[in-house]
Amino acid sequence: MQRTLLIIKPDAVKKKVIGKIISMVEKEFAIRGICMKTLTPEEAKKFYKVHEGKDFYEGLVEFMSSSPSVGVLLEGENAIYRLREIVGATDPKKAKPGTIRSLFGTNIRFNAVHASDSPEAAKYEIPFYFPNWDA
């Protein structure tokens, strides 16, 4: 079994679609935790450090620390790959119909969710929302 992190971003929280998104993933995965929190700017910088130096980095940090987001710890077979299929492409306009981002995203920044993209990323990202998670 593999664990992964889904983050329902501030734009989706403001749209009040948390339940709809969770409903889409709970059909496919076991939910091991749910946590609502507002990342501090320092946490957001550390979370997205892989993008440091890119032109969108500062705006992403500001957005992700602007209001609450919801971390959802998921578990299942090949969970990382399967979740990314359900989430869809980063750009909601390019996401397959019926994916989370196609349904709830607005643009590349306001794309409703984040999903870990590798086992290494999941191991790094999960503790931001679930500090007592045992890898």
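List of remarks:
- Matching residues in segment 106-135 - criterion: being of a type in the set (A, V, I, L, M, F, W, C), in contact with a helix residue (DSSP H, G or I) (Cβ under 9 Å, 6 or more places away or on another chain) and part of a loop (DSSP other than H, G, I, E, B): F110, A112, W133, A135
- Total residues in segment 42-57, condition of a type outside the set (F, W, Y) and either closer than 16 Å to D11 by Cβ or surrounded by 13 or more Cβ atoms within 10 Å (Cβ to Cβ) (or both): 5
- Flag not set for S65, criterion: among the hydroxyl-bearing types (S, T, Y) and in contact (Cβ under 8 Å) with a residue 60 or more places away in the chain.
- Residues in segment 73-86 that are over 13 Å from the mean Cα position of the chain (by Cα) and in contact (Cβ under 8 Å) with a residue 60 or more places away in the chain: 5 in all.
- Of everything in segment 87-120 that is among the hydroxyl-bearing types (S, T, Y) and over 12 Å from the mean Cα position of the chain (by Cα), the residue that is farthest from P68 (Cα to Cα) is S118.
Throughout, read-outs are computed from the coordinates displayed, never taken from laboratory work. These numbers were taken from a predicted model, which means no experiment stands behind them. Positions of Cβ are generated from backbone atoms using ideal geometry, with glycine treated the same way; all protein chains shown enter the neighbour counts.
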